[in-house]
Structure formats: C-alpha cells, structure tokens
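Trainee: Questions regarding the structure given below will be posed in turn.
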Protein chains: 2
Amino acid sequence: MGTEGHADGTVGKALDVLDLVASYGRPVRFSEVLENAIYPKATLYRFLQTLTHQGMLAYDADRQTYSLGVRLVRLAHAAWAQSSLAPLARPYLDELASQTGETIHLAQMDQGQVLYVDKRNATRPVDMFSQAGKVGPAYCTGVGKAMLAFMPAEAVSAAVARQSFHRFTQQTLDSPEKLMAELAAISARGHAFDREEHEPGIICCAVPILSRSGKVLGALSVTSTTSRTNLQALEGHAATIKDCAARIAAEAENWRFPEQN
Amino acid sequence: MGTEGHADGTVGKALDVLDLVASYGRPVRFSEVLENAIYPKATLYRFLQTLTHQGMLAYDADRQTYSLGVRLVRLAHAAWAQSSLAPLARPYLDELASQTGETIHLAQMDQGQVLYVDKRNATRPVDMFSQAGKVGPAYCTGVGKAMLAFMPAEAVSAAVARQSFHRFTQQTLDSPEKLMAELAAISARGHAFDREEHEPGIICCAVPILSRSGKVLGALSVTSTTSRTNLQALEGHAATIKDCAARIAAEAENWRFPEQN
DNA sequence: GACTAAGTTTCACATAATGGAACCCAAGGG
DNA sequence: CCCTTGGGTTCCATTATGTGAAACTTAGTC
C-alpha cells in the first residue's frame, strides 16, 4: 500500500512519501512515518519538509504532525473537473438515478483498481467527495469486471496480475481462472453482475462505457440489496443503463476536441 | 497563475509543472505546456514523463495530450477526508442549512486565498466536487475577511501582500488600507459581511472557526442575494452561525487526538 | 543531572537532474 | 519525390542535487 515497489527519480520518491502520509488517514508524527518509510531519517525529513513547503502536506507545529495539504484539494478539483467522465456524465447519472430509483456508481480503472468518480444515492441525497476518489477491487465489483471484460488482452493480464483475489464473501471469484471465465461471459452478454461478491447482500448490474473506437472509458452500475430486489430485476435495467452509457460515451466523444487540429 | 515564483528542488519544479497542466482545465499538448513553462524542452519533457509514470498525469496517446491523473483524485479523497474541518463539520452544515434556509459555505485559508471545502445549497441539493476545491479571493469574500480578521499580524500581512485588490464591484475594498480597517471592525464585531464586494447582488455573513487557542481553523458563511434578503436579516443569523462555528471548533478540538501521548 | 528518544542539521560523496544539440518522423509544399 | 518545418523524443557530458551516516540539539524522564 504505502510504499510502491520502485520509485523512479526524486519526485517519485517524494510522491511515495506523500502516499505514505495519506495512507494513515490522519495526521502523523515524523517518527511514525519513519517506521514505515523505506528512506533514512534525514532523507525522509527533507522530503516532508519539501512537501510541506510545497503545500502538499500541512504541518501542525503544535502537535508536530503532518497531514495532507490543501494544495491537493485544489488540484483534485481541477482533476475531477477535467477527468474525462465525471463532470460530463453528471446529468446522465441524475437521470439514471431517477429512472431506476437505485444507487448509481460511475467508475474508472486505475492501475488495476476501480476508482469511483461519482455516485448517486437513492436514499441519502449525496456524498460526493466522501465517496468519489474511493478505490475498490476490480475483480469482485460490477464496474471492475465490466471494464476488464472490454479491455485489451495485455491490459487485462496486467490488471489481473495486480488483483489480490481476497475472498470477501462466499461468492467472490477467488482465482484468475474464474475471473477470466466470468469476463468472457460478461463480454458476450454486454453487462456484468456483482452477485454479492464484494459485500454480502449487495448486488449490482454494471456496463462499460466504451468510446467509438472501443476503448474503455469507464463503467456505470446500478446497485441495490438482496433485501430490496434481485438480479433479475436489476437485469431489467440493463437496457436503460446501456443506453445511458452510450449517451455518456457520445458526449465524451465530442468533448475531446479542445481545438481543431 | 501556473508558474509559482521559486520552486525549491526537483519536486518543487515537478509540482509546478503539475499545477501548470492543471491550470489549463483541459487536456493539453506538450507544445502548449512548453509555451507557458519556464523549463527547456528536454527538462519539461522529462517532468511530464515522470508525472505521467507516477499517475499524477494521464497521457492520451491518441490525441497526445496530458491531463490530470487519477492518483490525484485518490489523494484528494484522502486529503479531504482528513482535512481538519470538512468531514467533521458535515452534520453541522446540514443543520445550519436547514436552520437558515440559505446557502452555506465552509472555507479554509490557503496561501492567502480562500479555499472552499464544503457547501450546502439552499435550492439545488448539492454540488460537492464541483464546488469544493474551488479557490477565491480573500480580501473580498465574507469567509476570507472573517479568517484574516482573526489571524496573527504577520500572517495577515503576508496574506494581504498576495491579494490582487481587483475591483470586482463598486463595493470591493480595493486597497490594503481599506481592508485593514475592515478587518479591525470585523475583529471587534465578531463576524464579517460581504456587501456585494465580490459579485453584485451576492451578500453574506461569515464567522471564523477558532480553536480554543484562538487559531483560525476556517470560516463559515451564510450567503444569499439582495433580491431575497438584506444584510440586516443575514446578521440575524449571526448568533446561529457563531454557535455552529463554536460547535465545529469543539468537535475539531477532541478530534485532534489520534492517540494519547 | 545523566539518560533517552524525537527531531534537526551537517557535509563529503554519489547520484540524478540538466539542457543544448542532435535526431526522428509525420505533415505539408514545391 | 525530395525538401522543409515543427512537434516530439533521445543523447550525453556537465553540474547541480539529492543522499544518508553521523553529529547535534532539544524536550522529556527517572
């Protein structure tokens, strides 16, 4: 988690440290960071200094703790705003949410992991920042499998290699073989299910968002619970979701023209 | 905006480049970045490569454009979640929003600028990511002035030095002197107003969120329009807002104990 | 007042960043 | 078809930067 395998260059190392601090989820002392860091004291110290000076970290002099800095929030606003899908998919998600009355997730693939970039919640009005930015496993979520199923072979194997195949529930696909078989089925069917593979009682139906050229832009899912509904009913939404995905893809298509060239 | 004054070390420069890319608000070509960068071609190229390799930027091979990477969104989620105020202030903002029926902003100070970290909108249910992370001027917003008024002298002068004093409206305080006088008044009164200083028709009443030791943690404001209400009416909410700010501060107080020591 | 742990600074050394220049290559244009 | 143009990429000698063991400075403790 915190420490990546090999960090190229000085900035790579610095970003490693940033991730490490982030991984605590709370302000941390220098010595705490030091314990989990792969860098010697002086080096780590300098990195923390630099990052703090740059506003990527914030240092609380009273408590002598480092936490993530506001510059990140600012950057993220920009990142989210220009992250291909999220802002432009907004109205479509709203529509889909009201059509289905269920929870909607919009996700993208990030290094073999699912990154949720937006969400509509049936009950609670909204939870944006708190949910968007979250990451999840690819091999046992609807959106994850939907994206994998439509990615080029070598990207899939790279992603599969990074999966933990932890067995969250009875239904979790716990091996690359099972996953590959499932991906084939999804690819044929056009949509993926989550059959309580990640959390008991939570099911979903997901479809990929594909560009005209077939590139996976992201995925869209309708989530519910076994107590409220079942897979058959969710599959009933499949056409609606696909339609929504198609419209988001279309929107993305002409969005990609900042200027003529 | 993009290029900061002086960037210490290699990571500083890299982050500069990151900001620069972010500042475009859309995917950019190498040559475009080069135009506005202060680094020579080869150097810039290497930075973009590194940042891309690190997931801070994303490179679209088809269009040959760089945009902000998903790693940022992930980091920002963590940043927001642990950024002192926003998550813990959440329920209080909800409450304040329903009490006042007006738009609520929660902001923090970042390098002399106001950074909005959360928002409740009276009419539209919510706009999180799209609003949080936004930055605004400190000298002509309620939250900005509320924070400045309670910051230590040298921090204030540092911040004031960074203000542009652009005259957004007739009412904008367009000089350090006017601002300092206003800050004194705010400090005495305990709350700040925005008298259409930033946008015509937009008024607000803001209070600082102060820690027990008197440190400025952030600010809270109730915003409305001149067509709906007036300053006197907003001032009527002052006590409510102050109470809310006090409770957020109290919550922040015992939040700051990750472990005993 | 000696002991300890956390945090900070130093400095000789090695690595990594630098950027001018050369190179590649696709797109025009004569 | 060759020549040019310009964005994009790579090379490599030079040099600035980062490196980290060790020394040092607090701030607590017994």
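The values are calculated or read from the model by the stated rules, or taken from the named source; none is laboratory data. Keep in mind that this is a model prediction, so the values were computed, not measured. Neighbour counts are summed over all protein chains in view; Cβ atoms, including those assigned to glycine, are modelled from backbone coordinates with ideal geometry. What goes into the accessible areas is simple: the full protein's heavy atoms, side chains included, and nothing from ligands, DNA or RNA. Shrake-Rupley method; radii C 1.70, N 1.55, O 1.52, S 1.80 Å.
Trainee: Name every residue in region B:169-194 that is open to solvent by 90 Å² or more (accessible area, probe 1.4 Å) and touching a strand residue (DSSP E or B) at 6+ places or on another chain (Cβ under 9 Å), in order of residue number.
Mentor: Answer for region B:169-194, where residues must be open to solvent by 90 Å² or more (accessible area, probe 1.4 Å) and touching a strand residue (DSSP E or B) at 6+ places or on another chain (Cβ under 9 Å): just B:GLN171.
Trainee: A further question on this structure: Does region B:229-252 hold any residues that are modelled with pLDDT under 85 and open to solvent by 60 Å² or more (accessible area, probe 1.4 Å), and which are they?
Mentor: B:GLU251
Trainee: Let me ask you something else. Of everything in region B:85-123 that's among the small types (Gly, Ala, Ser) and open to solvent by less than 40 Å² (accessible area, probe 1.4 Å), which residue is nearest to A:ASP19 (Cα to Cα)?
Mentor: B:ALA86
Trainee: Does region B:56-64 include one or more residues that are farther than 22 Å from A:LEU72 by Cβ, within 7 Å of another protein chain (Cβ to nearest Cβ) and over 25 Å from the mean Cα position of the chain (by Cα)?
Mentor: Scanning region B:56-64, I find at least one residue that is farther than 22 Å from A:LEU72 by Cβ, within 7 Å of another protein chain (Cβ to nearest Cβ) and over 25 Å from the mean Cα position of the chain (by Cα), so the answer is yes.
Trainee: Tally time: how many residues in region A:31-55 are within 12 Å of DNA strand D (Cβ to nearest atom), part of a helix (DSSP H, G or I) and of a type in the set (A, V, I, L, M)?
Mentor: 5
Trainee: For the list (1) modelled with pLDDT of 90 or more; (2) open to solvent by 10 Å² or more (accessible area, probe 1.4 Å), I need the number of the one condition that B:GLU199 fails.
Mentor: (1)
Trainee: Examine region B:95-109 for a residue that is farther than 29 Å from B:ARG162 by Cβ, within 8 Å of another protein chain (Cβ to nearest Cβ), assigned to a loop (DSSP other than H, G, I, E, B) and touching a residue at least 24 places away in the same chain (Cβ under 8 Å), and state whether such a residue exists.
Mentor: Within region B:95-109 (the criterion being farther than 29 Å from B:ARG162 by Cβ, within 8 Å of another protein chain (Cβ to nearest Cβ), assigned to a loop (DSSP other than H, G, I, E, B) and touching a residue at least 24 places away in the same chain (Cβ under 8 Å)), the answer is no, since none of the residues qualifies.
Trainee: Is it the case, given these coordinates, that A:GLU177 is without any contact (Cβ under 8 Å) to a residue 12 or more places away in the chain and either within 14 Å of chain B (Cβ to nearest Cβ) or assigned to a helix (DSSP H, G or I) (or both)?
Mentor: Yes: the conditions hold for A:GLU177.
Trainee: Here's another thing I want to ask about it. Residue under question is B:LEU88, and the condition is that it be outside the structural domain of B:LEU210 (by TED's automatic domain parsing), assigned to a helix (DSSP H, G or I) and either within 14 Å of DNA strand C (Cβ to nearest atom) or on the phi < 0 side of the Ramachandran plot (or both); does it hold?
Mentor: no
Trainee: Here is a follow-up. Determine which member of the set B:VAL222, B:VAL216, B:VAL207 is among the β-branched types (Val, Ile, Thr) and within 14 Å of another protein chain (Cβ to nearest Cβ).
Mentor: When all the criteria are applied, what remains is B:VAL216.
Trainee: Tally time: how many residues in region A:19-58 are β-branched (Val, Ile, Thr) and open to solvent by 20 Å² or more (accessible area, probe 1.4 Å)?
Mentor: 4
Trainee: Which condition does B:LYS215 not pass, out of (1) under 29 Å from B:GLY101 (Cβ atoms); (2) within 18 Å of the chain's Cα centre (by Cα), if it passes all the others?
Mentor: (1)
Trainee: Follow-up. Does A:LEU72 satisfy the condition of being facing another protein chain (nearest Cβ under 7 Å), of a type in the set (A, V, I, L, M, F, W, C) and either buried (at least 18 other Cβ atoms within 10 Å of the Cβ) or more than 14 Å from DNA strand C (Cβ to nearest atom) (or both)?
Mentor: It is true that A:LEU72 is facing another protein chain (nearest Cβ under 7 Å), of a type in the set (A, V, I, L, M, F, W, C) and either buried (at least 18 other Cβ atoms within 10 Å of the Cβ) or more than 14 Å from DNA strand C (Cβ to nearest atom) (or both).
Trainee: So A:LEU20 fits all but one of (1) touching a Ser or Thr at 6+ places or on another chain (Cβ under 8 Å); (2) within 19 Å of B:SER83 (Cα to Cα); (3) free of Cβ contacts under 8 Å to residues at least 40 places away in the same chain; (4) within 9 Å of chain B (Cβ to nearest Cβ); what number is the exception?
Mentor: (4)
Trainee: On to the next question. Among the listed residues A:VAL17, A:VAL11, identify the single one that is within 15 Å of DNA strand D (Cβ to nearest atom) and under 19 Å from B:ALA58 (Cβ atoms).
Mentor: A:VAL11
Trainee: Being within 14 Å of DNA strand C (Cβ to nearest atom), in a loop (DSSP other than H, G, I, E, B) and either open to solvent by less than 40 Å² (accessible area, probe 1.4 Å) or more than 23 Å from A:ARG26 (Cα to Cα) (or both) narrows it down to one residue among B:ASP62, B:ASP16; which is it?
Mentor: When all the criteria are applied, what remains is B:ASP62.
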